[in-house]
Each structure stands twice: as C-alpha cells, then as structure tokens.
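Engineer: Submitted below is the structure of interest, expressed as structure tokens.
Read-outs: derived from the displayed coordinates by stated rules, not from any lab. Only a predicted model underlies this, so the values are computations on that prediction, with no experimental measurement involved. Cβ atoms come from the backbone with ideal geometry, glycine included; neighbour counts cover every protein chain shown.
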Amino acid sequence: MSIIHDQAMHYIYQQVLERLLRHMSQAQRASLQLLIQRLLVAAGGPDYIGNFRLLVVQGSDRRSARLLAVLRAAQLSIALRAPVTFKLRVLVACLPATSSALLEQHERSFSALFMQDDPRVQLEVISAGTLVPFHRRPVLALEPWPQARDALLQFGHLVDARPEVLLGCRMHLELADAIRLALAGQPCIDALVTAMPWCQRRRFLAWARKLLRLGVETGPGPSHAGMGSLLAGLGQLHGVAGLLAHSAIEPEAQALMRVLALDDLLPQLLSEGELDLVMGWRFEPGQDCSALAAFLDPLALAQLHELQARCQAPLLPRAPLRLVSYQGEDRAQAAQQVRLGKAYGIGPVQLECLLYRPFVDRGQGLERFLRSRHADMLVALPYLHRALQGEPCPDAVKDWLVNTSGLALAQLRTLYAGRLDEGPRRLLASLARRDVELRLLPPPDEALG
C-alpha cells in the first residue's frame, strides 16, 4: 500500500509541476533553472539537498505569492530528478492579526500547490505572538500575549500613538520575533528566501543595527553579525520596547542562517504573468504593496486612522464607533472589534484612551479626554490626579483608571511622572521615527496633548 501511495503522490506532484510550468513565461522557466542551480550550490551539492531547509515568510502581496509558486516549482523539479529535495518552511504573517478572508486565500494557494499533505513542507502562521500550524478556521484565535499587549499600550502612551507608529516599526519587531521562534525550533533553518529587493533589505539592516545599538548597553557584539542573531535581537526588543523598566538585550546563540540572494532572478521570476491564476489569488489590477508592508493588515491601519480622526475632532457627544470593514462583514461587529485591539486583547475604550494619551506630562490631556469620551468622570478629575500622584483616593477611581487604560496603576503613575531612563527613552524615540516602510515620520501632532 505504501508503494502505491508513493506512486500516486508522485503523479500528483508531477501534475502540479506541469501546471506551474505551463503558466510560466519562457523567461520565468529559464530563471527557474538558474534558481535550482543556486539552491543546489547553496546546499553544498545534490548529495546534500535533502538536508537543506529554506524559510520563506509569506505576506499578502503578489510578490510573496509568486515567490512561493516558483520555490514550489523548484522543489518539485529537483524531486523529479533526484531521490530527495529541499525542505520548505512557510511562515504566514499578516500583523497585527491574519483575517479569515486572508487565511482562506492562503489556503487556496497551498491547495493549488498541493503543499498541505507534503511532508517536505511545513506550514505555520503567526497567531497571538506564537507560531501554530496553519489552519484557516477560528482555532487560530488564541489568547493575546500579555507582554506584547503591555508593551504596545505603554509605547503608545509614552511616545506616540499615531497609527503609522503603532503599526510601523513595532510590526517589524513582532515579525522578527516570530522568525526568532522559527529559528529556535529544530531542525535548524539553513537559509531565508525573500522577495525583498536589495535596497529595501539594506534599509532594514541599517535600521535594525541602529536599533540594536540602542538596545544593547554594551554595544553591538559579534552575536549580531549574522542574520539569525540580528533577527533574534530584534525579536527580544519586541517584548521590551515600550516597557517602562529598561531591559538590556541579552545576546542569544543562534545557528548560522543565510539570506539567499535572488535579486538578479526576481525581475523575471516575479514578473507579470499567469502564475496568479494558478495560486488562486484575486489581485485587483495594479493592487499591490511594497515588500516591507506586505505583512501589515491594511484594514487595521484604516480603522486606527478613523478612530484617531474621531479623537482629534472637536468635542462632541460620544457616538458609537463605525469603522471600515471588509465587504460582507457585519459593520456593527467590526465596530466593536477594532482589528488592532482584537489582536492584542485591547478593548475599544482602552484603544481610545491610548490614542488620547491623557496621562503623560502629568495629565495635561486628561481633562480633554474626559470631556470628549467620559464626561461623567469630570467631577472626579481631582481624584484622578491624586491617584496618579500616588496619594490616597477612592478605590473606584483607581479601578476606573485601570479599566479605562488597560495598564496597572503603578505603570500609569510612571507615565504620569514621566520617569524614564535615557536609554529606554532613546530606544523608544528611535522606534517612533519610522513607519512600516521604515521611512522617517514627521514630528507627532500635538493635538491630542
């Protein structure tokens, strides 16, 4: 029975490869052969290709989809010529959370490439700050990661709560942390394959090294020389960037991982063609995002922008949230589940509080926050200041502060007093200067106090 099964699977994989090749242009097929040769050389020769393991981080853009298709074609091509082929680990990432619609889109791609039942392929997805086997159903809804939640809240209150900042550099830290978890598993990853062009990789590396210099008190060491160690350091920063108590980055021992450079092949491999039809992706004409933003949920950013606009509007009586949502998605449900808040376990009230940043600078924006969103608490304003200063006050006032902000009272008092060491302050300020494209942001708008 095992022989019959192996023959059947071999026939199916051959059909998948033939279908991929039929939908490739002549230039793409020629570049595919060069890619195969490069993979064999990177593995150390055909005799070692069976032990060679590749990691690809799968975004929601067409470049990621096409790269996965050509890597699958290379994997199956080698398998038809040799007894073994390389292993492929696919890490699906869309931060802050992967929507069910996007998971279904990925599932169609994996099914079209016949990857889900192939023991040479490992499919995973980032969910609640951890890696779980890929599945499109709600089983992925895990408990949010408390440390990431606190770090995000404190980061927004301390430095900058603009959407581009909350979903900017921090997204790269969270992605690096997921890759760190993948690299920590066994067996080890030999190489990372990416569709990111060299100019954007260079920008990412320069930003990462600068950030690690700020995060490591003793300065950059040899542990950050390799890509694996660099990503490990960024992954550690994801947990501490935003925490009020400064934590130094401890160098981790990481196995050597290379970045497989395909810059000269990518223009042909990822050019316009019919590969999108094979993958089942439904891209609108001209719709795409850059390689650095391929892992960001655009709906989460749009919702945050709408919520921020409401916070910056003139003082009006409180109205229920009505945020943008995907077509066919219940708007009332989307109003209660802001995509960013749902991913981190932050309620709408706490998210509004974050965007107002009412506790910093000794509570200068607290009165405006109360008038706009909690007018019934204006009478308790003196008690709120007393609680934030550490003076005696009713327990109900303390509970309101904790429930509204999502932070502990000790953390709120530190925000209120502005007590932060120079090292963490420089690190947070550096994070707040870049958006998801790692471009410099203008100075923050002081409209929210």
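Engineer: Throw me the Rg/Rh for region 333-449, computed over C-alpha atoms with Kirkwood Rh, two decimals.
Structural biologist: Over the Cα atoms of region 333-449, Rg/Rh equals 0.99.
Engineer: Quick check on region 1-117: what does the Kirkwood estimate of hydrodynamic radius come out to from the alpha carbon pairs, in Å?
Structural biologist: One decimal place: 15.3 Å for the Kirkwood radius.
Engineer: Another question, if that's okay. Determine, for each peptide in 182-188, 206-212, 295-301, the mean count of other beta carbons within 10 angstrom over its residues, then list the peptides with the highest first.
Structural biologist: 295-301, 206-212, 182-188
Engineer: Calculate, in nm to one decimal, what Ser25 and Val84 gain on full extension: separation in residues at 0.36 nm each, minus their alpha carbon distance.
Structural biologist: Extending this stretch completely gives an extra 18.6 nm.
Engineer: A further question follows. Cut-off is 10 Å between beta-carbons; in what order do Val349, Val90 appear when sorted fewest neighbours first?
Structural biologist: Ascending Cβ contact count within 10 Å gives the list Val349, Val90.
Engineer: Starting with the highest mean, order 425-436, 30-41, 7-18 by the number of other Cβ atoms within 10 Å, averaged over the residues of each peptide.
Structural biologist: 425-436, 30-41, 7-18
Engineer: So what is the relative contact order of region 370-440, in percent, for Cα pairs below 8 Å that sit 6 or more residues apart?
Structural biologist: 19 percent
Engineer: Oh, and also: Going by C-beta contacts inside 10 Å, put Thr130, Thr98 in order with the fewest on the left.
Structural biologist: Going from least to most buried by this count: Thr130, Thr98.
Engineer: Using r as the Cβ-Cβ distance of Ala410 and His10, and R0 as 60 Å, what FRET efficiency do you calculate, to the nearest 0.05?
Structural biologist: 0.45
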